[in-house]
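The values are calculated or read from the model by the stated rules, or taken from the named source; none is laboratory data. Since the model is a prediction, treat every value here as computed from it, not as a measurement. Cβ sites come from the backbone with ideal geometry, for glycine too, and all protein chains shown count toward neighbours.
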Amino acid sequence: MVESDPPEKPNLAATSWALLGMLSYEYELSGYDIRKWIEWSMRFFYGSPAYSQIYSELKKLEQLGLVTSRVENSAGTRNRRLYRITGEGLDAVTRWANDSPLDPPVLKHSALLRVTLGHLTDPARLKEILQEHLAYADEMHRNAAKDAKWAGADPSWAYARVALNWAERYYANERELTLKMIKELDEAEAEFPRVGDGGRTKVPWPAPDYWYEIEKKADADDA
């Protein structure tokens, strides 16, 4: 008897895998339910898609036969569409959770990019930007701590609580790292060469040949 090849994993966007995973529990969910759950947990580490993106991905999943939907007609309330995962969808997301290679985390840190390009502004403005980021990190830390605490209300949220505990620690560290950057800005300002130093007329920056020279030295140092 010849064994059949395992079914191919659908080529889905990251958001679709998250939605399938959320639908893998026993209850039907509306788009609103899904967005609410994302706001309670996944936004701390996986982003928070708009309703339009959620419904767009759910439509694609339904077209692929990975979810089904029905309209709930409730007297006196607005009709809503409820989604349920299919057997094929559950198989697909289970294979994804167990077998798919991990994608490297993508960090898009706007405040840190501003610091890297600090020659375009000044330390006072950079400190204002980092203070804004500090306030954001504080808020995210408080929210993650609150959600982690209340995830303990039901045993079914045990794994979600592990992720939320991580998020609480992550944003606490983000706060400390931001405070350290604020302190280091004065050192960077004192060290950075000025336009006009040594006859320069433009923003000072090493020529590309020098970058490669430093790269070779760094590689040699590693060896």
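Quick check, is T178 among the polar types (S, T, N, Q), outside the structural domain of R43 (by the TED database) and under 26 Å from the mean Cα position of the chain (by Cα)?
Numbers: among the polar types (S, T, N, Q): yes; outside the structural domain of R43 (by the TED database): yes; under 26 Å from the mean Cα position of the chain (by Cα): yes.
Criteria met by T178.
Scan (1) polar (S, T, N, Q); (2) under 26 Å from M22 (Cβ atoms); (3) outside the structural domain of R43 (by the TED database) for the single condition T94 breaks and write down its number.
(3)
Could you grab the pairs with beta carbons closer than 7 Å, sequence gap of 6+ or different chains, first residue in the stretch 97-121 and among the charged types (D, E, K, R), second one assigned to a helix (DSSP H, G or I)?
From residues that are among the charged types (D, E, K, R), the pairs are R114/L126; R114/I129.
I need every pair where a residue in the stretch 206-223 that is over 23 Å from R194 (Cβ atoms) has its Cβ under 7 Å from the Cβ of a residue that is in a helix (DSSP H, G or I), sequence separation at least 6 or different chains.
Within 7 Å, no pair qualifies.
Under 30 Å from N165 (Cα atoms), in a loop (DSSP other than H, G, I, E, B) and either modelled with pLDDT of 95 or more or not charged (D, E, K, R) (or both) - does that describe any residue in the stretch 64-81?
Here is the first cut: in the stretch 64-81, the residues under 30 Å from N165 (Cα atoms) are none.
So far as the stretch 64-81 goes, no, none of its residues is under 30 Å from N165 (Cα atoms), in a loop (DSSP other than H, G, I, E, B) and either modelled with pLDDT of 95 or more or not charged (D, E, K, R) (or both).
It is to be established whether one or more residues within the stretch 17-24 are touching an Asp or Glu at 6+ places or on another chain (Cβ under 7 Å) and part of a helix (DSSP H, G or I).
Within the stretch 17-24, one or more residues are touching an Asp or Glu at 6+ places or on another chain (Cβ under 7 Å) and part of a helix (DSSP H, G or I).
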